[in-house]
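In what follows, a structure is listed as structure tokens, so that the remarks can point back to it.
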Amino acid sequence: MTGATRATVKIINILIIVSVVFVFAFCKKNKTILIDVGLVENPGEKQPKYIPNGLVKRGEFVNVLEEKEVNGKKYYLVQILDVDTKGWVEEKWVHDGKLQTVTVIQDSDLYTRPNEKSPKFNFQVKSGLEVFQLSVKDEFTEIQYPGVQGFIKTVNLGQKSEIKRTIFVPGLGKAVVSASSQYKATEGTENQFDPRNLFDGSLQTAWCEGVSDAGVGESVSITFENAVMLNKIEVVNGWTASEQYYNINSRVASLKVASSDGGSASLTLQDSNFDYQPNDVSLSGSSFKFSIDDIFKGRDADTCISEIRLSGNAAR
């Protein structure tokens with residue numbers, strides 16, 4: 001081998017090494033933030049000093065500039081993409097690469113490992129939740145949402161249009177609930193104002209519509225497996241988790257109910273009433289649509305209802 005050939009080979013080897021290092025460094029830099037977190041000036045301090053405008057939202061992307069270990073924990077010095085803002089964040093709140101968001105389309109068990117024989121979490125992942133897809137292993141997908149990470153069957157993930165919200169109404173049976181809209185504050189809170197909240201028996205939860213105006217015309221529908229006869233509808237108006245939440249959000253003054261059999265009823269509701277408001281009706285059908293007809297205005301435009309309790313029996 002001539003001297004020129006040896007020099008050429010040496011240059012090629014150097015270029016290969018540089019390319020590998022560059023690719024490794026580039027891949028290592030791309031990170032996704034897994035939870036809303038504030039960047040700090042110095043990692044590991046008991047009273048951290050937060051960076052101005054350094055709140056990074058779940059799903060935002062950052063570049064890693066440096067890493068260090070403090071008190072047994074690893075921290076990254078990151079820069080938020082497209083701006084100059086930099087600060088430190090704990091390693092556990094970031095994930096390599098840019099993550100894909102997927103939607104849970106039906107209530108699903110969550111496993112600690114990608115097989116049905118592994119231990120389950122003591123709760124189900126509710127349909128409608130948007131989660132990060134960390135990896136796919138055969139019939140299972142590893143997902144993450146704030147505070148939770150585990151494996152779900154891949155068939156239970158899909159498009160928003162495929163979401164199936166199932167409930168059981170005492171005395172009437174199994175049903176599917178849907179809404180024309182629902183309020184979503186931040187990523188990871190898709191189910192906070194889910195329409196299933198209307199039928200969960202809790203005055204701490206509520207359905208809140210999600211359009212930009214007062215929500216007149218927005219609706220919730222419930223469809224039973226078999227036709228039923230309703231003789232009473234009881235409504236808890238507003239979001240009754242607290243008096244503050246009740247007054248901040250708008251409440252319903254009039255609620256229109258339409259059945260699949262063509263019947264209808266108009267429910268007039270009181271304001272400043274935190275209890276069930278009963279209404280006698282005579283409606284039959286397999287599905288019923290509850291539409292906001294008029295409102296009591298709160299400080300915010302979002303209109304909420306805490307509970308709808310249905311009484312009746314199977315239609316004959």
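Structural remarks
- Consider region 118-149 and keep the residues that are charged (D, E, K, R) and at pLDDT 95 or above. The one that is farthest from the chain's Cα centre (by Cα) is GLU139.
- Options VAL78, VAL94, VAL83: the member that is modelled with pLDDT under 95 and surrounded by 14 or more Cβ atoms within 10 Å (Cβ to Cβ): VAL94
- Criterion applied to VAL40, VAL62 was being surrounded by 16 or more Cβ atoms within 10 Å (Cβ to Cβ), farther than 12 Å from GLU90 by Cβ and in contact (Cβ under 8 Å) with a residue 24 or more places away in the chain, and the one residue passing it is VAL62.
- Hits in region 153-193 (condition: touching a residue at least 24 places away in the same chain (Cβ under 8 Å), among the β-branched types (Val, Ile, Thr) and out of contact with any Leu (no Cβ under 6 Å at 6 or more places or on another chain)): ILE163, THR166, ILE167, VAL176, VAL177, THR186
- No other residue among SER282, SER311 is polar (S, T, N, Q), in contact (Cβ under 8 Å) with a residue 40 or more places away in the chain, more than 19 Å from PRO195 (Cα to Cα) and not in a loop (DSSP other than H, G, I, E, B) apart from SER282.
- Scanning region 44-59 for residues that are surrounded by 15 or more Cβ atoms within 10 Å (Cβ to Cβ) and farther than 29 Å from ALA185 by Cα returns a single hit, GLY44.
- Lone unmet requirement of (1) under 16 Å from GLY217 (Cβ atoms); (2) out of contact with any helix residue (DSSP H, G or I) (no Cβ under 9 Å at 6 or more places or on another chain) for PHE290: (2)
- Selection status of ASP275, surrounded by 14 or more Cβ atoms within 10 Å (Cβ to Cβ) and under 24 Å from GLN204 (Cα atoms): no
For (1) more than 21 Å from SER178 (Cα to Cα); (2) over 28 Å from the mean Cα position of the chain (by Cα), each residue gets a yes or a no:
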| residue | (1), (2) |
| --- | --- |
| GLU218 | no, no |
| VAL235 | no, no |
| TYR246 | yes, no |
| ALA258 | no, yes |
| ASP280 | yes, yes |
| GLY298 | yes, no |
| ASP302 | no, no |
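- One residue from GLU139, GLU116 being charged (D, E, K, R), over 28 Å from ASP36 (Cβ atoms) and free of Cβ contacts under 8 Å to residues at least 12 places away in the same chain: GLU116
- Residue within region 218-234 that is more than 12 Å from PHE274 (Cα to Cα), modelled with pLDDT under 95 and crowded, with 17+ Cβ neighbours inside 10 Å present: no
The values are calculated or read from the model by the stated rules, or taken from the named source; none is laboratory data. Predicted, not measured: the structure shown is a model, and the values here were computed from it. Cβ: placed from backbone, ideal geometry, glycine included. Neighbour counts: every protein chain shown.
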